[in-house]
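The values are calculated or read from the model by the stated rules, or taken from the named source; none is laboratory data. These figures come from a predicted structure and were not determined experimentally. Note that each Cβ is placed from the backbone with ideal geometry, even for glycine, and that neighbours are counted across all protein chains shown. When the accessible area is computed, the model is the full protein with side chains, heavy atoms only, and any ligands, DNA or RNA have been set aside. Shrake-Rupley method; radii C 1.70, N 1.55, O 1.52, S 1.80 Å.
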Amino acid sequence: MKEIAIVAYNQSKAVSDVGPCNEVELIMPVLAEVFSQAGINNAQDVDFVCSGSCDYLQGAAFAFVAGVDALGAVPPIKESHVEMDAAWALYESMLKIRMGHADSALIYGFGKSSPGELPIVLSQQLDPYYLAPLWVDTIALAAMQARMLLDQGKISERDMAEVVSRSRRNARNNPNAQLAGDVSPEDVLAQPSYVSPLRKADCPPVSDGASAMIICTLEKAKSWGVPYAVISGIDHRIESHNMGMRDLTDSVSTRLAAEGAGLGDGPVDVAELYAPFSHQEIVLTRAMGLGKETNINPSGGVLAGNLMMASGLSRIGEVFNRIIAGDAGRGVAHATSGPCLQHNLVTVVEKA
């Protein structure tokens, strides 16, 4: 199979409300930056484009089509879309390249979550017959998962608070973070319950923004003459939508995806995990078998800023940035979709 390289990545700042700015205006500066990094002019200079977004956030069917206006798609381009995080748009784009239908691809994801009630919007991912009609939101489901972990003695509230503290501390070095600062575990534990046993700090902020990436074959990356990192493995697995049929204190799909992506084939210097809630970072870390030698979520992760439909791609981009900067030689990025870590994608990125 053709080896695939990441040659460019950028994301907008995570903000709680971008105001009157629309989705096209969110996307355009991010695309301009990745075109500049790759040394190309526009979407006409890549063979394939794939986006990730959610029409429910915009409240209109086929709303993602408006995002194509940011590309300058005249003359026509080869374009596709996934109704989920752009990490899965990356997966589709890699298949396109490996099947020989393209040598390069632009991937982008975007979401403007501020106009609606995001926890309620995401409840539409639930089983439409038995769970969705109950209108139980994602925070309540995550709280149930955290309670199970606590009651079984697999984590403590202090463990959760330490995740939050490290996230905020790491985010101080991330110019795109929405939440950052010197917050101690004691500060977190002193906060009142939000949805027991979760505190507000245990939950991700609602963020508006976009991210984009360009990938290509190694031959194309060399011809462009830009720094690149290699995607050495990628896999994704999904579990039952019936949460009574899976162990919410573990993430079997993440473990299987990590094995399929070849995570254990070498050391892991850095890991960017899409853990929307503090306790989920602990579940994911254990599922992947990550130890103290791995720097986990140095960007602050999604507890510092959650670009809906773009944060999974951003995790891969953050690992890419650290490899290009020389801070890591090999890293793993994780993306998730669905309630309580239902669907998980794992990507291994290595120094060229």
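Pairs meeting the criteria (first residue in region 27-39 and open to solvent by 70 Å² or more (accessible area, probe 1.4 Å), second residue among the small types (Gly, Ala, Ser) and part of a helix (DSSP H, G or I), beta carbons under 8 Å, at least 6 apart or on different chains) are 28/70. When you look at residue 326, is it surrounded by 24 or more Cβ atoms within 10 Å (Cβ to Cβ) and out of contact with any Asp or Glu (no Cβ under 6 Å at 6 or more places or on another chain), yes or no? Criteria not met by residue 326. Scanning region 288-318 for residues that are open to solvent by less than 10 Å² (accessible area, probe 1.4 Å), more than 23 Å from residue 125 (Cα to Cα) and of a type in the set (Gly, Ala, Ser) turns up 299, 300, 304, 317.
Within region 151-170, the set of residues being assigned to a helix (DSSP H, G or I) and in contact with a Ser or Thr (Cβ under 7 Å, 6 or more places away or on another chain) comprises 160, 163, 164, 165, 170. Would you check if there is a residue in region 47-66 being modelled with pLDDT under 95, open to solvent by 30 Å² or more (accessible area, probe 1.4 Å), more than 19 Å from the chain's Cα centre (by Cα) and closer than 14 Å to residue 214 by Cβ? So far as region 47-66 goes, no, none of its residues is modelled with pLDDT under 95, open to solvent by 30 Å² or more (accessible area, probe 1.4 Å), more than 19 Å from the chain's Cα centre (by Cα) and closer than 14 Å to residue 214 by Cβ.
I'd like to verify a number: residues in region 329-338 that are open to solvent by less than 10 Å² (accessible area, probe 1.4 Å) and farther than 20 Å from residue 34 by Cβ, how many?
Just the residues of region 329-338 that are open to solvent by less than 10 Å² (accessible area, probe 1.4 Å), to begin with: 331-335.
Checking which are farther than 20 Å from residue 34 by Cβ leaves us with 332, 334.
Total satisfying the criteria: 2.
Scanning region 192-205 for residues that are open to solvent by less than 60 Å² (accessible area, probe 1.4 Å), out of contact with any Pro (no Cβ under 8 Å at 6 or more places or on another chain) and assigned to a loop (DSSP other than H, G, I, E, B) yields 197, 205. Residues in region 81-139 that are in a loop (DSSP other than H, G, I, E, B), surrounded by 22 or more Cβ atoms within 10 Å (Cβ to Cβ) and of a type outside the set (A, V, I, L, M, F, W, C): 85, 113. Restricting attention to region 307-335, the residues that are over 24 Å from residue 251 (Cβ atoms) and assigned to a helix (DSSP H, G or I) add up to 3.
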